[in-house]
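These notes are about the structure you will find just below.
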Amino acid sequence: MKTRRVFVAALLCLAFAGAVQAKEAVLKVAQVADISNLDPHRINDVYSANVVRQVYNGLVQMDDMIRIKGDLAESWENPDAKTWIFHLRKGVKFHNGEELTASDVKFTIERILDQKTASPGAVHVKEIASVETPDPYTVKITTKNPFAPLLSSLSRYELSILNEKAVKAGGDAYGKNPVGTGPFRFVEWKSGDRVTLAKFADYYQGPAKVDGIVFRAIPEDATRLVELESGAVDIVSNLPPQDFDRMSKNPNVTVVDVQGQSTLYMGINEELKPFDNKLVRQALNYAVDKQAIIDAVFFGKAAASSGPISPSIWGFDETLKPVYPYDPEKAKELLKKAGFPNGFECVILTDPRTERKSVSELVQSYLEAVGVKASIEAIEWGAFLSATAKGAKGMFIMGWTGTGDADGGLFPRFHSSNIGAANRSRTRSAEIDGLLQKGRTTIDEKERKDVYKKLQAMIIDEAPEIFIAVTKNLAATRKNVKGYVMYPSLISPLYGVSIE
């Protein structure tokens, strides 16, 4: 009897040890900033998007090669220029146990388009005229005009499919208790600190390889790396360029280097004087040595911009060379011509990230050399987004990724209808608006490319921003993390990641 009791106790110990081990299979991800919301229709930042991508699915997704693949839609057809029919997977479950149906898709799209929602993501699907549900597993989308980038737009995180019942039950607090169909379900959000997710056992592709994910907000570069090296976090999704080579030599760390879709620029609020003068904006571009900034801040992990979008985005004009070569004398000449021979004073707004503060400081020094005195204000990410959307009081440093299509890289940023949202430079140009609209409604690929070629040349000439760099996406993981793939969009699914 005593032997039996010892045996049973041993089994209990083993079971307990197994349970502890299972609890420890939690992926810990360090991000620069906290999320702002987990309602996809309320967000416009990469940190929230990284969490949203784990909790939700879309009709379609972009893979790591910037190719469209089915997600909740297993197939689709485009019978005419304005009609798209999607066939949903059957048996897909939301985290609240509800089955996904076409009505949820209809609800999602109509909600993001509703002006009361005031969604920053609505810009990507404004061309949708109606959504119909012929049966529970079929969705018919009709656009106002032919809309070539519809699939790439639907792959955006803002178009994650919502559960109508959960959204209505959550009300204004829904973004703090989200319900998706993704591989991980929401557990907790400690504002300013962390977001905790747990594996969703009923995920349609099967359970994830880890039991949960914790996203931690760690603004300081040095702290993120110390946490990685000590094993306190498993992934650092924003590896500082200056630490890439050092971390690559750490035997316990794997570094990741991917050409990104993102461009880094210094936005200019065109509504403010003297920035309403194109000659001034062009002068600022000539005043800044972009290659020197790349060498000093990005340590070779970037390239000088050839315009407003990355070469990895469809529609990029491949004949373009890096724009506005460093020419301080030309800058002074243009400032004099614009009526500012002695320069002027202005403000540069930045968030707290080390590389963005460093870029801002270098831009500040280059501008001072041509007589422009810029003061720098660094504010928290959420406040930065709000301030620049409302209208920055000068210049601001920003990055933009888009959808993988030129429409997603340009329409949100430069169409006048998006002032107050993604058009932070507050660009107003009937000609630019016309070309942006033509680009998204032209179906023929060659004709579309011609439109975007003209558009990029026009934006470069208008200089609504100082075009700085096309950056690489840098990340680092612990050596025992397997299956991690950094996406060009900076928004990487973690479903296939495991910890050995």
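The values are calculated or read from the model by the stated rules, or taken from the named source; none is laboratory data. None of the values given here were measured: they were computed from a predicted structure. Note that each Cβ is placed from the backbone with ideal geometry, even for glycine, and that neighbours are counted across all protein chains shown.
Numbers for the structure displayed
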quantity: Flag if R448 is buried (at least 22 other Cβ atoms within 10 Å of the Cβ) and in the same structural domain as N285 (by TED's automatic domain parsing); calculated: yes
quantity: Which listed residue, of V363, V370, V359, is part of a loop (DSSP other than H, G, I, E, B) and of a type in the set (A, V, I, L, M, F, W, C); calculated: V370
quantity: Identity of the residue in the stretch 276-315, in contact with a Lys or Arg (Cβ under 9 Å, 6 or more places away or on another chain) and aromatic (F, W, Y), that ends up nearest to G399 (Cα to Cα); calculated: F298
quantity: The stretch 318-338: number of residues that are buried (at least 16 other Cβ atoms within 10 Å of the Cβ) and of a type in the set (S, T, Y); calculated: 2
quantity: Condition met for S498 (in contact with a Gly (Cβ under 7 Å, 6 or more places away or on another chain) and over 30 Å from A287 (Cα atoms)); calculated: yes
quantity: Flag if F184 is crowded, with 22+ Cβ neighbours inside 10 Å, over 27 Å from D351 (Cα atoms) and either under 22 Å from the mean Cα position of the chain (by Cα) or in the same structural domain as Y484 (by TED's automatic domain parsing) (or both); calculated: yes
quantity: Residue in the stretch 246-254 that is more than 15 Å from F299 (Cα to Cα), among the hydroxyl-bearing types (S, T, Y) and in the same structural domain as Y487 (by TED's automatic domain parsing) present; calculated: yes
quantity: K357 vs. criteria of a type outside the set (S, T, N, Q), within 21 Å of the chain's Cα centre (by Cα) and surrounded by fewer than 21 Cβ atoms within 10 Å (Cβ to Cβ); calculated: yes
quantity: In the stretch 281-307, the residues that are part of a loop (DSSP other than H, G, I, E, B), out of contact with any Pro (no Cβ under 6 Å at 6 or more places or on another chain) and of a type outside the set (V, I, T); calculated: D289, G300, S305, G307
quantity: Residue list for the stretch 213-270, filter: free of Cβ contacts under 8 Å to residues at least 40 places away in the same chain and in contact with a strand residue (DSSP E or B) (Cβ under 6 Å, 6 or more places away or on another chain); calculated: S248
quantity: Failed condition for S429, given (1) touching a residue at least 40 places away in the same chain (Cβ under 8 Å); (2) surrounded by fewer than 18 Cβ atoms within 10 Å (Cβ to Cβ); (3) farther than 30 Å from V26 by Cβ; calculated: (1)
